[in-house]
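Everything on this sheet refers to the single structure shown next.
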Amino acid sequence: MKYNCLIIDDNEIERDLIESYLTKFNQLNIIAACENSLQALEVLKSTSIDIVFSDIDMPDISGIELLKSIKNPPIFIFVTSYLEHAVESFELDALDFIAKPVSMERLLKSVTKATDYLELKDKTKQTSRENAVNEDGIFFIRETKGYTRLNYDEIVYIESLGDFSKLFTPDGVHITLINLKNLEHQLPNYYFRIHKQYIVNFNKIVSIYQHEIILANDFKVPLSQSYREQILALINNKTLVRSIKKTTT
């Protein structure tokens, strides 16, 4: 299967170099090589794109601003000289970050990572179905090798992987093609989001710190400041042991 690609770079020499490298990959179909984000937006509106190879520092609209502006973006791989943007790009779920000058070897790793992800997504889509849940909390998820039986009570936490979700249990990790937002609506009311990328089983919480939650089986997940207030309020309202003032008669 071939995947449609888009190249964006305002430097003609670097844009041509990336295009010359990508033409060597049989699984890629280069739709266009654009010199700025505005041109790229026109292509994205009219053509289905699977992978975008984009510079970051560009006039008018940067690569990061372009990614933020797309509602359901394709895979983004940033190719740039500005390494300080690496953290922000990964926070936006960019798949990879390549430092210039680009080498064929480094691009190969990135393309392999992207195509492996897309192949897994395609395989799962072909056979995926909604989770079936019975009254005992038992449900099935579709994984690459078949259906897996789970119970909501045994899940410790869930991590977002873009279109996928990773479900962590004491016995192992399971990956299913349901994004975290959709999965959140199907979970029991003792599951709570504590980070943009994480949902935890409240019953599995062991300790809560300033920026981290410790869960059963020594799992550790980050706690964002915005969700920390909510989780502490929940504890205060429902489960915090309090001192009781004695009344006088």
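Scanning the stretch 1-42 for residues that are assigned to a loop (DSSP other than H, G, I, E, B) and either without any contact (Cβ under 8 Å) to a residue 60 or more places away in the chain or of a type in the set (Lys, Arg) (or both) yields a total of 8. Residues in the stretch 173-195 that are assigned to a loop (DSSP other than H, G, I, E, B) and of a type in the set (Val, Ile, Thr): 1 in all. I need the full set of residues from the stretch 196-230 which are part of a helix (DSSP H, G or I), over 19 Å from residue 160 (Cα atoms) and not charged (D, E, K, R), in order please. Result: 203, 216, 217, 230. Any residue that is assigned to a strand (DSSP E or B), buried (at least 17 other Cβ atoms within 10 Å of the Cβ), touching a helix residue (DSSP H, G or I) at 6+ places or on another chain (Cβ under 8 Å) and at pLDDT 80 or above - is there at least one of those in the stretch 143-157? Yes; the residues of the stretch 143-157 include at least one that is assigned to a strand (DSSP E or B), buried (at least 17 other Cβ atoms within 10 Å of the Cβ), touching a helix residue (DSSP H, G or I) at 6+ places or on another chain (Cβ under 8 Å) and at pLDDT 80 or above.
The values are calculated or read from the model by the stated rules, or taken from the named source; none is laboratory data. Being a predicted model, the structure only gives us computed values, none of them experimental. Here the Cβ is made from the backbone with ideal geometry for all residues, glycine too, and neighbour counts use every protein chain on show.
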